[in-house]
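Asker: Structure in structure tokens, see below.
Read-outs throughout are calculated quantities, based only on the coordinates presented, and are distinct from any laboratory measurement. None of these values were measured; they are calculated from a predicted model. Cβ atoms come from the backbone with ideal geometry, glycine included; neighbour counts cover every protein chain shown.
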Amino acid sequence: MAIVFVVLIAFFVLNTWHVNEYSITPGDAQPVAQLVSVKGLDTDPHHDKILLTDVYLTQLTAWGFLLAHFQPHTEIVSGGDLTLPGVPTDQLVAQGYVDMSNSKEYAKVAALESLGWKIPHRDVGATVYAVQVPSTAHTAGLAVGDEIDAVNGFPVTNSCDLLREIGAQPAGVDVTLSVRTAIISPSGTIILRSAKAVKVTTVAVPHGTTLPGCPPSSQPLLSMIAVEPVDAVDYTTPGSITISTPNIGGPSAGLAMTLTLIDQLSSGSLSGGRTVAATGTISPDGKVGDVGGVAEKTIAVERAGASVFIVPSSEVATARGAADASLHVEGVDTLAQALADLRRLGGEPPIPLTKPSSL
């Protein structure tokens with residue numbers, strides 16, 4: 001009896017003790033068309049079955065970590081591999097929703113421009129993507145999704161502006177940021193409040209710190225506020241296009257959403273009647289980027305009955321290694337390649353139903 005009691009206690013402890021390990025398992029594959037609403041533009045009543053797919057990311061208990069090693073279609077990743085140094089994993093959900101929000105905007109732009117539209121845009125600030133903890137930025141209340149549009153009264157239009165304006169200040173001084181605080185609902189809707197002033201104390205940057213991806217500058221970087229920003233961009237698109245993705249985070253549905261919008265805004269069948277799944281990030285200029293969990297996504301799209309799975313080129317071997325013979329895997333680096341592959345498989349070239357014009 002004592003042995004049974006000890007075993008039960010051990011099981012309880014192992015099953016309540018969360019470790020910094022996560023499991024990636026097959027999620028859902030669902031048609032994107034049912035998530036899309038278009039107003040003010042002509043659409044084709046026929047919708048091809050183009051699927052987005054996701055995975056389940058679950059923090060493991062010690063017991064779950066042991067079991068995961070024996071469960072099929074399960075990948076184990078460390079929490080440290082999912083975040084930047086010094087950034088806690090409790091920011092992952094909000095980061096996923098920021099990624100999805102941006103991905104939906106990029107999908108609209110990429111789809112419309114592939115159909116001949118010229119979509120104007122303007123940089124409007126810098127979105128906080130990660131906050132180191134502990135840090136003066138965290139103490140000041142900055143959080144994932146917040147949008148910063150000025151430093152000490154000087155406007156910043158993108159992330160490089162923000163980092164340079166702060167970097168020009170001495171370490172140990174207060175800077176006043178103009179911040180639109182993000183309210184992120186449990187299902188992922190992001191609403192920005194009116195701008196308010198937030199004071200943050202700068203800290204010294206490590207010696208030799210540079211700003212990768214930013215134009216060269218002769219001005220040395222003196223300080224920082226320990227946030228990772230991304231550009232906040234406003235796009236002016238025709239009509240009204242909304243994509244409802246409750247409880248889905250991350251950027252990996254970008255390609256699937258783009259293909260679905262092209263299909264809805266053009267005549268004919270983009271997929272030639274096939275059930276097509278796609279994964280991959282999308283940029284406004286149509287580049288397709290890498291994503292994670294492709295092996296698990298392959299299982300999900302097979303279960304959903306897809307016959308074609310379009311993935312980033314670098315992920316082809318992973319997808320084909322997890323696929324059975326009934327699933328045709330195509331690798332692409334651009335939206336144009338994805339459209340060409342679909343035509344080769346029997347799809348029709350997209351012809352826009354609304355005549356494109358410059359906005």
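Asker: Starting from the 7 Å offset along Cα-to-Cβ, what nm value, one decimal, do you get for the label separation of I76 and K199?
Answerer: Label-label distance for I76 and K199, simple model: 4.9 nm.
Asker: Relative contact order for the range 169-245: what percent, with Cα pairs under 8 Å and sequence separation of 6 or more?
Answerer: 30 percent
Asker: Related question: Please work out the Kirkwood hydrodynamic radius for the chain, using every pair of different C-alpha atoms, and report it in angstroms with one decimal place.
Answerer: Kirkwood hydrodynamic radius for the chain: 22.3 Å.
Asker: If I stretch the segment between A33 and A336 completely, what's the gain in nm (0.36 nm per residue apart, minus their alpha carbon distance), one decimal?
Answerer: Answer, rounded to one decimal: 107.0 nm.
Asker: Continuing with this model, one more query. Could you give P(r) for the range 121-234, binned at 5 Å from zero, as whole percent values over all Cα-Cα pairs?
Answerer: Reading the bins upward from 0: 2, 13, 22, 27, 19, 10, 4, 2, 0.
Asker: Could you list V151, V198 so that the one with the fewest beta carbons within 10 Å of its beta carbon is first and the one with the most is last?
Answerer: V198, V151
Asker: For the range 121-234, what does the relative contact order come out to in percent, with C-alpha contacts under 8 Å and a separation of six or more?
Answerer: 37 percent.
Asker: Over what distance in Å are the Cα centres of the range 169-206 and the range 224-297 separated?
Answerer: Comparing the Cα centres of the range 169-206 and the range 224-297, I get a distance of 27 Å.
Asker: What FRET efficiency do you get for T189 and S218 if R0 is 35 Å and r is their Cβ-Cβ distance, rounded to the nearest 0.05?
Answerer: FRET efficiency, T189 to S218: 0.25.
Asker: Give me a comma-separated list of calculated 3J(HN,Hα) values for the range 153-166, in order, Karplus coefficients 6.51, -1.76, 1.60 applied at θ = phi - 60°, integers in Hz, x for any Gly or Pro.
Answerer: x, 8, x, 10, 9, 7, 5, 5, 4, 4, 5, 6, 5, 6
Asker: Also, I was wondering about something else. Do the sum for the chain: with -39,500 (n - 2.57) for every DSSP H run of n ≥ 4, divided by all residues, what is the mean residue ellipticity at 222 nm, to the nearest 500 deg cm²/dmol?
Answerer: Taken over the chain, the calculation gives -8000 deg cm²/dmol.
Asker: How would Y97, Y22, Y235 line up from fewest to most surrounding beta-carbon atoms within 10 angstrom?
Answerer: Ascending Cβ contact count within 10 Å gives the list Y235, Y22, Y97.
Asker: If Lys and Arg each add +1 and Asp and Glu each add -1, what is the summed charge of the other residues whose beta carbon sits under 15 Å from the beta carbon of A300?
Answerer: -4
Asker: Expressed as a rounded percentage, what relative contact order does the chain have, with Cα pairs under 8 Å and six or more residues apart?
Answerer: Rounded, it is 23 percent for the chain.
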